Amino acid sequence: MDKLRIEGGNRLNGEIRISGAKNSALPILSATLLADGVMRVGNLPHLHDITTMLELLGCMGVEVAIDEDMSVETDCANIKSCVAPYDLVRTMRASILVLGPLLARYGEAEVSLPGGCAIGSRPVDLHIRGMEALGAEVDVEDGYIKARVPGGRLTGANIFFDTVTVTGTENVMMAAALAKGTTTIENAAREPEVVDLANCLNAMGAKISGAGSDTMVIEGVEKLYGCSFDVLPDRIETGTYLVAAAVTGGRVKTKDTDPVIMEAVLHKLEEAGADITIGDNWIELDMHGKRPKAVNVKTAPHPAFPTDMQAQFMVLNALAEGTGTVIETVFENRFMHAQELVRMGADIAVEGNTAIVTGKEKLQAAPVMATDLRASASLVIAALMAEGATDVNRIYHIDRGYECIEEKFQQLGANIRRISG
Ligand code: EPU
């Protein structure tokens with residue numbers, strides 16, 4: 001298993017390019033199942049999760065052609081199976097995103113239940129209820145969601161989510177796009193990735209309005225067509241490098257990104273003492289060599305502070321001046337990094353969903369590992385300010401969500417290398 005070895009102490013300085021957003025690319029690739037004709041998706045990040053989604057489409061019979069620049073062309077003319085098997089779903093929960101498109105276009109779907117996950121129980125009941133509201137008959141048996149549409153076509157409905165769910169909203173949007181009649185989603189997720197999917201579906205011929213607000217209206221159409229669509233930049237990757245720069249007192253410019261979708265994170269970085277300058281598609285953070293000040297963060301659905309940036313800000317607080325609290329409200333078990341950070345000398349007390357973090361000037365190197373993607377990234381950031389060489393183990397989590405992480409950190413002057421094993 002590969003690991004990353006990071007020698008702490010270097011201040012980050014330089015420029016990097018931000019990749020396309022994983023959490024936008026995954027629903028958009030699923031949406032290609034709805035297209036009549038060839039669909040091209042560009043600005044895809046080179047990540048393990050993207051490969052898994054392409055493999056899933058491939059095993060259903062979708063013809064997939066990958067270009068050198070990581071754009072992909074898909075053609076669903078010869079679909080032969082509507083099954084998302086356990087072996088793929090267990091490695092990537094987002095496989096559940098094929099449920100809506102399969103039901104809408106082919107009237108049937110068998111998707112393995114994703115099961116538990118390191119950051120919380122993460123049920124899919126809201127996805128299932130959404131499909132039932134649109135007229136699907138759903139049984140859960142043998143570990144699979146087995147669904148079919150009597151009469152072959154879903155019917156529009158009013159759907160209210162009692163919890164804001166990102167992929168749940170996306171699944172219903174994709175299903176409703178081809179349903180007969182109009183669907184309203186209330187308490188819809190407002191994440192930029194949801195808006196990106198709506199833009200893509202509309203470019204395919206869908207009639208979706210209200211994306212980015214908590215009420216979306218989807219007028220079903222008879223057909224959706226292939227189009228060419230580039231996924232939006234990854235706001236979590238952007239935020240991760242900006243936090244890394246802040247923690248080391250450095251100066252980093254992230255290019256090919258989108259400042260407009262990062263308000264909550266940029267605001268917290270400014271509160272921590274960072275100078276932030278933005279352009280149309282870039283963000284520069286300069287700490288002028290200073291240590292960050294501790295900040296309080298509380299995660300919640302967009303536009304509030306994102307849960308996917310919580311672990312990185314816990315590290316920022318662990319190295320900041322003062323004491324900050326971190327409250328996690330989206331997932332019930334997303335503090336797995338806290339204990340690893342304590343092993344590196346961080347002062348963190350966890351009480352329920354609150355972590356009280358008192359900053360130290362330096363941490364100490366230690367062998368660490370994490371059980372989820374963002375937690376692993378936070379350990380890399382911690383290692384940048386640790387005395388000695390830290391080995392971050394089990395980095396297959398990182399490879400699921402960060403393109404070329406060691407190259408990008410090296411470009412910024414970090415002493416980091418991958419050790420294959
Ligand atoms: N929930 C339910 N029932 C459902 C669905 C969700 O109770 O049927 C609960 C979850 O257990 C959780 C809350 O609702 O407590 C919100 O979960 P959500 O459904 O929004 O999460 P998700 O769609 O499974 C996406 C991202 C995650 C990100 C969350 C929250 C993708 C592929 N994944 O997950 O990204 O943390 O939204 O913003 O879009 C990551 O990239 O590292 C990552 C975990």
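Brief remarks follow.
- Dipole axis of the chain (+1 Lys, Arg; -1 Asp, Glu on Cβ), positive-most option in 297, 61, 176: 297
- Taking 21 Å as the straight-line reach from the Cα of residue 408, the lysines in range (excluding those fewer than 8 positions away in the same chain) are 3, 22, 253, 255.
- Selected from 326, 410, 366, residue furthest toward positive end of dipole (the stretch 295-421; charges at beta carbon): 410
- Only helices enter this figure: runs of n ≥ 4 DSSP H residues, each worth -39500 (n - 2.57), summed and divided by the residues of the chain, yield -9000 deg cm²/dmol at 222 nm to the nearest 500.
- Cα shape, the stretch 8-77, gyration tensor, a/c 1.5 rule: prolate
- Aspartates and glutamates whose Cα lies under 15 Å from that of residue 180, excluding same-chain neighbours fewer than 8 positions away: 132, 219, 222
- Put a plus charge on the Cβ of each Lys and Arg, a minus charge on the Cβ of each Asp and Glu, and nothing anywhere else: the dipole of the stretch 64-157 about its Cα centre is then about 360 debye.
- Centre-to-centre, using Cα atoms only, the stretch 119-188 and the stretch 396-415 are separated by 36 Å.
- Mean separation of Cα contacts under 8 Å (6+ apart) over length of the chain, as relative contact order %: 21
- Karplus-derived HN-Hα couplings along the stretch 294-299 (A = 6.51, B = -1.76, C = 1.60, θ = phi - 60°), whole Hz, x at Gly and Pro: 5, 10, 9, 10, 9, 7
- Distance between the stretch 274-340 and the stretch 342-368 - C-alpha centres, whole angstrom: 14
- For the stretch 1-118, the solvent-accessible area of protein heavy atoms averages 38 Å² per residue (probe radius 1.4 Å; ligands and nucleic acids excluded).
- If you count Lys pairs in the stretch 265-382 whose Cα atoms are under 20 Å apart, skipping same-chain pairs closer than 8 places in sequence, the total is 8.
- Of all lysines in the structure, the ones whose alpha carbon falls short of 22 Å from that of residue 80, not counting any fewer than 8 places away in one chain, are 146, 223.
- Couplings 3J(HN,Hα) for the stretch 31-36, derived from phi with the Karplus relation 6.51 cos²θ - 1.76 cosθ + 1.60 (θ = phi - 60°), are 5, 5, 5, 8, 7, 8 Hz, where x marks Gly and Pro.
- Projecting the Cα atoms of 33, 109, 71 onto the charge dipole of the chain (Cβ charges, centred on the Cα centre) puts 71 farthest toward the positive pole.
- In a reduced charge model with +1 at each Lys and Arg Cβ and -1 at each Asp and Glu Cβ, the chain shows a dipole moment near 640 debye about its Cα centre.
- Sequence-separation-based contact order of the stretch 1-121, relative, with Cα cut under 8 Å and 6+ spacing, percent: 23
- Surface accessible to a 1.4 Å probe, per residue, for the residues of the stretch 134-269, Å²: 36
The values are calculated or read from the model by the stated rules, or taken from the named source; none is laboratory data. The model shown is predicted, which means the values in this text are computed figures rather than measured ones. In this analysis, Cβ positions are derived from the backbone assuming ideal geometry, glycine residues included, and neighbour counts consider all displayed protein chains. In case anyone asks, the SASA skips ligands and DNA or RNA and just uses the protein heavy atoms, side chains included. Shrake-Rupley method; radii C 1.70, N 1.55, O 1.52, S 1.80 Å.
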